[in-house]
Amino acid sequence: MSHSFDWICKDVVKRLKGKDLRPVKCRSDARKFRHFEILLKTPQSLFWKSEDTPVEYSLLQILEPNLPVPEPEVLDTIPLKHIVYQKLKANVGVNAIAEGNVNTEYVQSYGYDIEVQCIGIPNSKLESLQNRKLLDKEPSFVKDYRMGRYSLYVVTEVFEVTKCEMKENITSAGTTVDAAIAQVVTGQAQGQWERKTMDSVPIQKGTVVAYKKKRLVIENDTCAILLFANAKKKNFLGMVPRMLRSSAPSDKDEIYYSASTVIGPSSLRQLDWKINYISPIGRIEEPYHQDFKRLQNEVSQITQELAMLPKDVQEIVFSNLQSMLSNRENLNDLLSMLELDQLGHMDGPGGAILDQLRQDSIPPWIDLRNLLLYLLQALMVLNETQLNLLAQSMEKSLLLHQRELVKSILQPNFKYPWNIPFTLQPQLLAPLQGEGLTITYELLMECGLEMELNNPRSTWDLEAKMPLSALYGSLSFLQQLVEA
């Protein structure tokens with residue numbers, strides 16, 4: 001697992017163990033997560049969290065001016081150090097396919113020694129902002145919020161880097177394919193593949209690596225900040241994510257819609273029934289978030305809708321996404337434009353994808369914007385290293401094999417909240433030879449799986465569930481585009 005900026009932020013959050021603390025995902029976005037900055041959220045799936053998208057407006061910009069503003073204060077200063085060295089050797093047996101071995105070695109060292117400062121606005125100070133009036137002229141994102149397109153949040157606490165020392169990231173990976181496997185499985189001779197990379201990720205003083213937020217509710221011409229997670233606001237209720245609108249139960253505290261503009265009384269009764277439904281005695285039913293079939297059905301619904309797009313549109317989306325995967329910032333910019341429903345000018349591959357949304361050739365019953373939102377939110381769960389590995393997988397036509405391998409991990413382990421050992425299926429590993437096998441192992445390790453490359457034993461980890469689910473959705477979506 002590499003020590004990219006994304007990984008460092010996640011690791012800081014993991015070590016601080018702060019309630020509701022979230023990592024910054026992208027270095028270029030760090031400046032956008034400051035006090036009073038407004039974020040929006042539009043969840044497309046029940047199985048992975050959508051990223052917070054900065055609207056690049058401060059709460060103070062939409063409130064009436066010339067009124068007192070609470071000042072942030074330093075709450076704590078915390079030193080953090082994490083140095084890792086790992087060396088894994090593997091003798092990955094594929095005797096079910098042919099007699100022979102794939103020998104893999106993976107060596108990596110990385111780490112950081114930083115100090116972060118927690119700067120926040122206590123609830124007692126936030127009270128002074130309650131029920132403040134909005135400016136007469138509202139930004140477009142406020143108007144869209146009133147239409148129930150998403151929920152809004154405001155940043156109230158940030159963790160800034162005050163000191164930083166990085167350990168250089170050194171990675172060495174190699175694979176040797178015995179002749180028996182090479183000839184039977186791939187028809188090739190015995191060979192070796194090796195890769196070495198060296199990089200470092202300096203973080204400047206003042207960079208925000210993590211933050212906390214509170215829900216922002218706009219009602220009539222005033223706003224309110226919900227100071228506690230379970231706080232409720234009159235005339236607002238739990239939102240239904242896109243995939244939930246047909247069949248799935250929701251987390252009541254997830255997001256807010258205006259009852260008067262979005263959900264009618266009959267839909268409310270139906271939603272309430274789904275949330276409070278209890279299976280009859282004697283019937284065993286997995287909780288929604290623990291049922292892999294639900295994820296499979298959700299992804300299947302998306303790919304079926306995607307398959308109805310004209311072939312040329314699918315090809316354009318695929319080729320341009322492939323060009324964008326190595327640039328998380330560009331992906332994030334495209335996601336932001338789609339979430340804000342702003343189909344303005346964008347250069348490069350992102351612009352080519354936006355152009356497709358304006359084409360008359362797309363059937364009116366297919367919502368390409370939502371399909372793209374689904375994929376991009378899944379991709380944003382993955383880190384920078386995984387996005388680069390995914391781009392390599394597309395080039396090497398590994399997506400189908402990787403999807404089946406990820407499915408074989410998720411399907412039997414999805415419902416387990418504890419760590420349990422499992423074995424990767426040899427027949428699914430066999431097509432992933434040489435560099436393809438190493439790329440795939442790195443993809444899985446970056447999800448947080450505790451890999452034991454020998455035999456090939458691994459350990460299911462609950463923290464890997466969401467990134468693996470997002471990887472499964474991404475691979476399925478991209479594979480459908482390949483088959484166009």
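The values are calculated or read from the model by the stated rules, or taken from the named source; none is laboratory data. Everything numeric in this text was worked out from a predicted model, so none of it was measured. As a convention, Cβ positions derive from the backbone with ideal geometry for all residues, glycine included, and neighbour counts pool all protein chains shown. Quick note on the areas: whole protein, heavy atoms, side chains included, nothing else; ligands and nucleic acids left out. Shrake-Rupley method; radii C 1.70, N 1.55, O 1.52, S 1.80 Å.
Give just the number: which of (1) free of Cβ contacts under 8 Å to residues at least 24 places away in the same chain; (2) polar (S, T, N, Q); (3) closer than 24 Å to residue 308 by Cβ does residue 408 not satisfy?
Evaluating residue 408 over (1) free of Cβ contacts under 8 Å to residues at least 24 places away in the same chain; (2) polar (S, T, N, Q); (3) closer than 24 Å to residue 308 by Cβ leaves (3) as the failure.
Can you tell which of 21, 16, 75, 63 is at pLDDT 85 or above, closer than 30 Å to residue 127 by Cα and open to solvent by less than 10 Å² (accessible area, probe 1.4 Å)?
63 is the lone residue from the list that is at pLDDT 85 or above, closer than 30 Å to residue 127 by Cα and open to solvent by less than 10 Å² (accessible area, probe 1.4 Å).
Assuming residue 35 fulfils every condition listed in (1) crowded, with 20+ Cβ neighbours inside 10 Å; (2) out of contact with any helix residue (DSSP H, G or I) (no Cβ under 7 Å at 6 or more places or on another chain); (3) more than 29 Å from residue 82 (Cβ to Cβ); (4) not hydrophobic (A, V, I, L, M, F, W, C) apart from one, which condition is it?
Against the list (1) crowded, with 20+ Cβ neighbours inside 10 Å; (2) out of contact with any helix residue (DSSP H, G or I) (no Cβ under 7 Å at 6 or more places or on another chain); (3) more than 29 Å from residue 82 (Cβ to Cβ); (4) not hydrophobic (A, V, I, L, M, F, W, C), residue 35 comes up short only on (3).
With the condition kept exactly as written, say whether any residue in the stretch 377-387 is open to solvent by 10 Å² or more (accessible area, probe 1.4 Å) and farther than 23 Å from residue 293 by Cβ.
Looking for residues that are open to solvent by 10 Å² or more (accessible area, probe 1.4 Å) and farther than 23 Å from residue 293 by Cβ, one finds at least one in the stretch 377-387, hence yes.
Quick one: would you say residue 445 is at pLDDT below 90 and touching a Leu at 6+ places or on another chain (Cβ under 7 Å)?
no
Within the stretch 144-182, can you find the residues that are within 24 Å of the chain's Cα centre (by Cα) and modelled with pLDDT of 90 or more?
Across the stretch 144-182, the qualifying residues are 152, 153, 154, 155, 156, 157, 158, 159, 160, 161.
Would you say residue 358 is without any contact (Cβ under 8 Å) to a residue 40 or more places away in the chain, charged (D, E, K, R) and in a loop (DSSP other than H, G, I, E, B)?
Taking the combined requirement at face value, the residue satisfies it.
Determine if the stretch 305-325 includes at least one residue that is surrounded by 14 or more Cβ atoms within 10 Å (Cβ to Cβ), at pLDDT below 95, among the charged types (D, E, K, R) and under 20 Å from the mean Cα position of the chain (by Cα).
Looking through the stretch 305-325, none of the residues is surrounded by 14 or more Cβ atoms within 10 Å (Cβ to Cβ), at pLDDT below 95, among the charged types (D, E, K, R) and under 20 Å from the mean Cα position of the chain (by Cα).
With the structure loaded, tell me whether residue 49 is out of contact with any Pro (no Cβ under 8 Å at 6 or more places or on another chain) and at pLDDT below 90 or whether it fails that test. Walk me through it before giving the result.
Working: out of contact with any Pro (no Cβ under 8 Å at 6 or more places or on another chain): no; at pLDDT below 90: yes.
In short, no.
Restricting to the stretch 447-481, name every residue that is open to solvent by 10 Å² or more (accessible area, probe 1.4 Å), among the polar types (S, T, N, Q) and out of contact with any Ser or Thr (no Cβ under 9 Å at 6 or more places or on another chain).
Scanning the stretch 447-481 gives 454, 459.
For every residue, the table says whether it meets (1) over 28 Å from residue 318 (Cβ atoms); (2) polar (S, T, N, Q).
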position: 400; (1), (2): no, no
position: 423; (1), (2): yes, yes
position: 436; (1), (2): no, no
position: 445; (1), (2): no, no
position: 450; (1), (2): yes, no
position: 459; (1), (2): yes, yes
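Only residues in the stretch 27-39 that are more than 13 Å from residue 52 (Cβ to Cβ) count as the first member; pair them with residues that are at pLDDT below 90, Cβ under 6 angstrom, at least 6 apart or cross-chain, and list the lot.
Cβ pairs passing all conditions: 27/5; 28/329.
Enumerate the pairs (first residue in the stretch 379-405 and farther than 18 Å from residue 303 by Cβ; second residue anywhere and assigned to a helix (DSSP H, G or I) and of a type in the set (Val, Ile, Thr)) with beta-carbon separation below 6 Å, excluding pairs fewer than 6 apart on the same chain, so at least 6 apart or on different chains.
Matching pairs, first to second residue: 389/439; 392/439.
Please go through the stretch 79-107 and give me each residue that is at pLDDT 70 or above and surrounded by 16 or more Cβ atoms within 10 Å (Cβ to Cβ), ordered by number.
Listed by number, the residues that qualify are 80, 82.
Answer yes or no: is there a residue in the stretch 278-301 that is at pLDDT 90 or above, of a type in the set (Val, Ile, Thr), more than 30 Å from residue 56 (Cβ to Cβ) and open to solvent by 20 Å² or more (accessible area, probe 1.4 Å). Steps first, please.
First pass over the stretch 278-301, keeping only residues at pLDDT 90 or above: 292-301.
When the remaining residues are screened for being of a type in the set (Val, Ile, Thr), the result is 299.
Now narrow it down to the ones that are more than 30 Å from residue 56 (Cβ to Cβ): 299.
Those left that are additionally open to solvent by 20 Å² or more (accessible area, probe 1.4 Å): none.
No, the conditions are met nowhere in the stretch 278-301.
So, in the stretch 398-446, how many residues would count as being closer than 21 Å to residue 295 by Cα, part of a loop (DSSP other than H, G, I, E, B), open to solvent by 10 Å² or more (accessible area, probe 1.4 Å) and of a type in the set (A, V, I, L, M, F, W, C)?
Of the residues in that region, 1 qualify.
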